[in-house]
Amino acid sequence: MDFCTSSSGVVWERFPGQREDNIRCLTMLGHFGFECLPHQLVNRSIQQGFSFNILCVGIYLLSPWTKFYQPIVDYIDAQFEAYLQEELKIKRSFNDYHDSRIHVCLYFISPTGHSLKSLDLLTMKNIDSKVNIIPLIAKADTISKNDLQKFKCKIMSELVSNGIQIYQFPTDDETTAQVNSSMNNSNKGHLPFAVVGSTDEVKVGKRMVRGRQYPWGVLQVENENHSDFVKLRDILLNTNMEDLKEQTHTWHYEHYRCCKLQKMGFTDVGPDNQPVRCEDVISGGNEKPLIHHTLTTPAFTIILLAILQDKFEHLKRVQQEETMKLEEERRQLEEEIIDFYKMKAASETLQTQACTNIKKDKDQLLCFDVRLCKTNIRIKPSEVRENQRTVGNHEEHLDDNIMPILDPFL
């Protein structure tokens, strides 16, 4: 295949045998056109990421003494409601929104070998219109291969007789049509998948595999002769992940959205079986000013609820920020108060020590003065006799001996 261009710059495809009048042929390098689309989708998924949510349900995980399926229904509806509320916002942010809707439910069935329990039938009947169900047989290593195949056929027969809809694998893609057709065929015995799980690794030959060690041998989780785990992994992640997400959005979520809007009073056709325009829904079908009618229309109600929800979320965020700010200021104030009391205590301690030291210095000074007067004055007897003649000479001589000693303290 060649792409050609004329002197005017127009490019088209030239088929074999076509005349070449003033045509310059171009050889295209690499992928062109729609061939690049898969690469673009892959690059986008790698950069932005994607969500694929799996819900695991089984009797072992539920309480048999309560209406055990109701929490499951409420949880699935809550994820739909969160997505619906995001759709109704004036400023939507689906680029950053984390889609928490359940794309597939893996329902684990007890390996009784006989039939489904009434609890299983009741649970799957209440959630089959809300989520894609893939039934699994848990702890399949507790049943022999012959009994396991009979158990699978019995389960599929009971699901059909009770009107329970499980996930139907798509067959419109040529690359996966054969595999998915065999999965949908109950006579093939693929469904429910018999799986075995393990978090331990055991040594088989020269390699380590995930499995269980028994006295009679090793059960390998990823061995298709021992478990259907590999088949389950392939249909979930390799072949049908996008279809599961699409079925969730276009079927289960749309069903929830339709029922929700109908309860609010929305409708697609009017009393005359004519399509209802958006203007008629908002204005009530009259030409009077909008303010006279919007207050009573369901559309205004849902828009008002969305606006109030946005306002509430904004006020909630502001309140949280203000609360955090006040908590930080309170913490800083408490630290300042603690520092103040520490400084006050240290100041009082220093003041007390200073007063004590001054008092001790005064007492020591007085005692030292007295000791100096008693010990440092030495008058020789010859000097006494010599100075007894006059009192004045004696006093002068006494002052000359005492003053050099007391001078540093005066």
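The values are calculated or read from the model by the stated rules, or taken from the named source; none is laboratory data. A quick note: this is a predicted structure, and the numbers were derived from the prediction, not measured. In this analysis, Cβ positions are derived from the backbone assuming ideal geometry, glycine residues included, and neighbour counts consider all displayed protein chains. All accessible areas refer to the heavy atoms of the entire protein, side chains included, with ligands and DNA or RNA removed. Shrake-Rupley method; radii C 1.70, N 1.55, O 1.52, S 1.80 Å.
For region 89-131, give me each residue that is among the acidic types (D, E) and touching a residue at least 40 places away in the same chain (Cβ under 8 Å).
D99, D120
Search region 303-322 for residues that are in contact (Cβ under 8 Å) with a residue 24 or more places away in the chain and pair each with any residue that is in a helix (DSSP H, G or I) and open to solvent by 80 Å² or more (accessible area, probe 1.4 Å) when their beta-carbon atoms are under 7 Å apart and the residues are at least 6 apart or on different chains.
none
Is it true that S93 is assigned by the TED database to the domain that holds Q70 and either closer than 19 Å to Y69 by Cα or part of a helix (DSSP H, G or I) (or both)?
The answer is no for S93.
For region 154-166, what are the residues that are outside any helix (DSSP H, G or I) and open to solvent by less than 10 Å² (accessible area, probe 1.4 Å)?
none
Of the residues K203, K130, K150, which single one is of a type in the set (K, R), crowded, with 16+ Cβ neighbours inside 10 Å and on the phi < 0 side of the Ramachandran plot?
The conditions single out K130.
Scan region 134-153 and give yes if some residue there is assigned to a helix (DSSP H, G or I), within 24 Å of D243 (Cα to Cα) and either within 31 Å of the chain's Cα centre (by Cα) or touching a residue at least 12 places away in the same chain (Cβ under 8 Å) (or both), otherwise no.
Scanning region 134-153 turns up no residue that is assigned to a helix (DSSP H, G or I), within 24 Å of D243 (Cα to Cα) and either within 31 Å of the chain's Cα centre (by Cα) or touching a residue at least 12 places away in the same chain (Cβ under 8 Å) (or both).
Condition test on Q320, is it at pLDDT 85 or above, open to solvent by less than 90 Å² (accessible area, probe 1.4 Å) and farther than 30 Å from M264 by Cβ?
Considered against the rule, which asks whether it is at pLDDT 85 or above, open to solvent by less than 90 Å² (accessible area, probe 1.4 Å) and farther than 30 Å from M264 by Cβ, Q320 comes out as no.
Which ones in region 178-211 are in a helix (DSSP H, G or I) and modelled with pLDDT of 85 or more?
Listed by number, the list is empty, since nothing qualifies.
Please list, ordered by first then second residue, the pairs with beta carbon atoms under 7 Å, 6 or more apart or interchain, first in region 233-244 and assigned by the TED database to the domain that holds M183, second aliphatic (A, V, I, L, M) and open to solvent by less than 50 Å² (accessible area, probe 1.4 Å).
Final answer for the pair search is I235/M183; L236/V104; L244/V104.
Residues checked against (1) in contact with an Asp or Glu (Cβ under 7 Å, 6 or more places away or on another chain); (2) under 21 Å from E224 (Cα atoms); (3) not aliphatic (A, V, I, L, M):
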| residue | (1), (2), (3) |
| --- | --- |
| K152 | no, yes, yes |
| S157 | no, no, yes |
| D172 | no, no, yes |
| T175 | no, no, yes |
| Q178 | no, yes, yes |
| M183 | no, yes, no |
| H190 | no, yes, yes |
| G197 | no, yes, yes |
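Whether any residue in region 73-88 is open to solvent by less than 30 Å² (accessible area, probe 1.4 Å), in contact (Cβ under 8 Å) with a residue 24 or more places away in the chain and part of a loop (DSSP other than H, G, I, E, B) is what I want to check.
The answer is no, given that none of the residues of region 73-88 is open to solvent by less than 30 Å² (accessible area, probe 1.4 Å), in contact (Cβ under 8 Å) with a residue 24 or more places away in the chain and part of a loop (DSSP other than H, G, I, E, B).
Looking only at region 212-242, which residues are assigned to a strand (DSSP E or B) and either open to solvent by 30 Å² or more (accessible area, probe 1.4 Å) or at negative phi (or both)?
R212, Q213, Y214, V218, L219, Q220
Can you tell me which residues in region 210-248 are in contact with a strand residue (DSSP E or B) (Cβ under 6 Å, 6 or more places away or on another chain) and not charged (D, E, K, R)?
Within region 210-248, G211, Q213, V218, L219, Q220, V221, H226, L232, L244 qualify.
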